[in-house]
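Q: There's a structure below that I have some questions on.
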Amino acid sequence: MATIKEIAKKAGVSIATVSRVLNYDTTLSVSDETKKRIFEAAEELDYKKKPTARKQETGKIALVHWYSEKEELEDLYYMSIRLGVENRCQDRGLQIIRYFHDNLANLKQEDIQGLIAIGKFSQKQVMDLQSATENIVFVDSCPDEESFDSVVIDFETATEKVLSYLLEKGHKQIGYIGGREAFKDQTSMIEDPRERAFKRYLTETGMLNEAFVYTGSFSVEAGYNLMKKAINECGVDLPTAFFLGSDSLAIGALRALLEAGIAVPERVNIIGVNDISVSKYVFPSLSTVKVYTELMGETAVDTLLERIGGRKIAKTISIATELIIRNSSF
């Protein structure tokens, strides 16, 4: 694990600034560019790059994001995937051009061999991507497993892993704080597999309480506000454990609990999802489901090169997860 001193040196800022940014200190006034340098430095130093022989440049691909750069700072999950893609492309001698969801039409003008689409894309957006190239790999979504390659996480299994652990630890009241998203062209909402699995699993065990389910966006601010709402509404009946749909939500929730004087983990256990680099630096350090985001990015590049090389049959690759217990839970 990288130290805050190492992150500060790489980002070119003070140790104090790094600490406050990594803990999402809302009283700190720094630019988004500075935050980006710090978060990228933390991710890159945490990234365990495998030594490979550097190859000569072999072509150009597009990297398409569904998150804006500002949204990426609020939820580092996609930043970490992107860095995995970029590092692998550097190893493979691939030039990258970056596009965002709102200018996909311009892709047609690029001379690319293929593209990697990170995030969730509507049917119309998928068609726009297809018009640019037939060689597409989706990361974190699978629009059509019969037609497209994809690299995904089984978030339902990850959720069951967390709930099984909490039940084994004796928790009888478990809450959920998650996010809900819509396609960027606003064509429809996206059902979240974590919320779906949470409700199904606890319904099957007879322990679901809908009053303990809170949803908003996948951001630190949403986690903070939703946990404050839960504290106010539940009072003494506040669940003894919360599963949160992302580490960003969990970091915000931790801050709300600490401000309210509610001890973590003594009174409330917190477990997030993703294991972004920041999770190790918050107080208390965050228990979470580790998603191997860097591997997702690397695998997407390797899968795209197979497609460019002539493979015709689509495949979906599911990357395993691991439950990491730190100081925010027993």
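Q: Distance in nm between label sites at residue 180 and residue 71, each 7 Å beyond Cα in the beta-carbon direction?
A: 1.7
Q: How many nm separate the modelled label positions at residue 15 and residue 156, each set 7 Å beyond the Cα in the direction of the Cβ?
A: Taking the two extended label points, one gets 4.8 nm.
Q: What does DSSP give for the chain in terms of the percent of beta bridges that are antiparallel, rounded to the nearest 5? Mind showing how you got there, number by number?
A: On the way: 6 of 44 bridges.
Around 15 percent antiparallel, to the nearest 5.
Q: Treating cross-link reach as a plain straight distance, find the aspartates and glutamates whose alpha-carbon is under 16 Å from the alpha-carbon of residue 228, omitting any fewer than eight places away in the same chain.
A: 237, 259
Q: Between residue 131 and residue 312, what FRET efficiency follows from the Cβ-Cβ distance if R0 is 22 Å, with the result rounded to 0.05?
A: Efficiency, from the Cβ-Cβ distance: 0.70.
Q: Return a whole-number percent for the relative contact order of the stretch 1-139, with Cα pairs under 8 Å and 6 or more residues apart as the contact set.
A: This gives 23 percent for the stretch 1-139.
Q: Let me ask another. DSSP loop (so not H, G, I, E, B), at most 16 other Cβ within 10 Å: list which GluC sites (Glu not before Pro) in the stretch 61-169 pass both filters.
A: 110, 134, 145, 146
Q: Residue by residue through the stretch 301-314, what is 3J(HN,Hα) from phi via Karplus (6.51 cos²θ - 1.76 cosθ + 1.60, θ = phi - 60°)? Round to whole Hz and write x for glycine and proline.
A: Using θ = phi - 60°, the values come out as 5, 4, 5, 5, 5, 4, 4, 4, x, x, 5, 9, 7, 6 Hz.
Q: Name the long-range amide H neighbours of residue 138: under 5 Å, sequence gap of 5 or more, or other chain; modelled H, no Pro or chain starts.
A: Those qualifying (amide H under 5 Å, at least 5 residues apart or on another chain) are 117, 149, 150, 151.
Q: In addition: Which ³J(HN,Hα) values, rounded to whole Hz and listed in residue order, are derived for the stretch 248-255 from phi using the Karplus coefficients 6.51, -1.76 and 1.60 in 6.51 cos²θ - 1.76 cosθ + 1.60 with θ = phi - 60°, glycine and proline given as x?
A: Once rounded to whole Hz, the list reads 4, 4, 5, 5, x, 5, 4, 4.
Q: Magnitude of the Cβ-charge dipole of the chain, K/R +1 and D/E -1, about the Cα centre, nearest 20 debye? Walk me through the numbers on the way to the answer.
A: On the way: 41 positive and 49 negative charges, 158 e Å.
Here the size comes out at about 760 debye.
Q: Another question about this same structure. Any idea what the relative contact order of the stretch 144-251 is, in percent, if you count C-alpha pairs under 8 Å spaced at least 6 apart?
A: 35
Q: Would you mind checking which residues have amide H under 5 Å from residue 175's amide H? H placed 1.01 Å from N; only 5 or more apart, or other chain.
A: Those qualifying (amide H under 5 Å, at least 5 residues apart or on another chain) are 241, 242, 243.
Q: When only C-alpha pairs under 8 Å and at least 6 residues apart count, what is the relative contact order of the chain, in percent?
A: Across the chain, relative contact order equals 19 percent.
Q: Please state the charge dipole magnitude for the stretch 98-174, taken about the Cα centre, from unit charges on C-beta atoms (+1 on K and R, -1 on D and E), reported in debye and rounded to the nearest 20.
A: Dipole of the stretch 98-174, to the nearest 20 debye: 440 debye.
Q: In the stretch 121-193, if the dipole is taken from +1 on Lys/Arg beta carbons and -1 on Asp/Glu beta carbons about the Cα centre, which of 148, 188, 165 is farthest to the positive end?
A: 165
Q: Something else about it: Do the alpha carbons of any pairs in 172/280; 60/290; 35/108; 161/290; 60/120 sit beyond 21 Å of each other, and which pairs?
A: Values: 172/280 27 Å; 60/290 31 Å; 35/108 33 Å; 161/290 12 Å; 60/120 23 Å.
Pairs exceeding the cut-off: 172/280; 60/290; 35/108; 60/120.
Q: So how far apart, in nm, are the two label points at residue 29 and residue 1 if each is 7 Å from Cα heading toward Cβ?
A: 3.3
Read-outs: derived from the displayed coordinates by stated rules, not from any lab. Predicted model only: the values in this text are computed from it and were never measured. Don't worry about glycine lacking a Cβ; one is built from the backbone with ideal geometry, like all the others, and counts go over all protein chains shown.
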